[in-house]
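Engineer: I have a structure here, written as structure tokens, and I will follow up with some questions on it.
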Amino acid sequence: MGQRSKANEQILNAAQGLSEAQERNQGDSSKFWKTYDNISKEYDDTLLSRGNGDMNIILTFAGLFSAVNSTFIIGMQPNPAETTNVLLLRLIQIAADPNVVHDISDLSSSTGYPPSTIWMQVLAYASLAFSVLAAFGAVLGKQW
């Protein structure tokens, strides 16, 4: 057992001597790479924190813009009160004179919309789609 502990002690001394020799023999290239590593870590941390802040701003803006845009899209829907009023008028006419056949051909389910309304709807839905895509891209950027 005495020989083992003596051998272990010699191995330990040799390993310590080797590490001390390596530390003394560190040249300029080793110092260069340590300096490079420190500077690059600092730069990367700054870049990541700035990018993370930018992604937070994009997510906030995209969420608010999508909410406002959805409100405008809902507001541009056709008014169902007009069709309801025409149907109520027909019911009143039928109740007043049930023997007369009333023409309901003017109740078309598809009404024509002016081109300006169609363009506004297209632009509103396109901007909503791009806003959602921007938010999706920001989430991917934050997860990466």
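Engineer: If I take R0 = 25 Å and measure r between the Cβ atoms of Met76 and Leu140 in this structure, what FRET efficiency does the formula 1/(1 + (r/R0)^6) give, to the nearest 0.05?
Structural biologist: The pair Met76/Leu140 has a calculated efficiency of 0.20.
Engineer: Listed highest first by mean packing, meaning other Cβ atoms within 10 Å per residue, what order do 88-101, 123-136 come in?
Structural biologist: 123-136, 88-101
Engineer: Mind sorting Asp44, Asp54 by how few other Cβ atoms lie within 10 Å of their own Cβ, fewest first?
Structural biologist: Working: Asp44 10, Asp54 13.
Least to most surrounded, the residues fall as Asp44, Asp54.
Every read-out reported here was derived from the displayed coordinates using simple, explicitly stated rules and does not represent laboratory data. Model, not experiment: these values are computed from the prediction. Cβ atoms come from the backbone with ideal geometry, glycine included; neighbour counts cover every protein chain shown.
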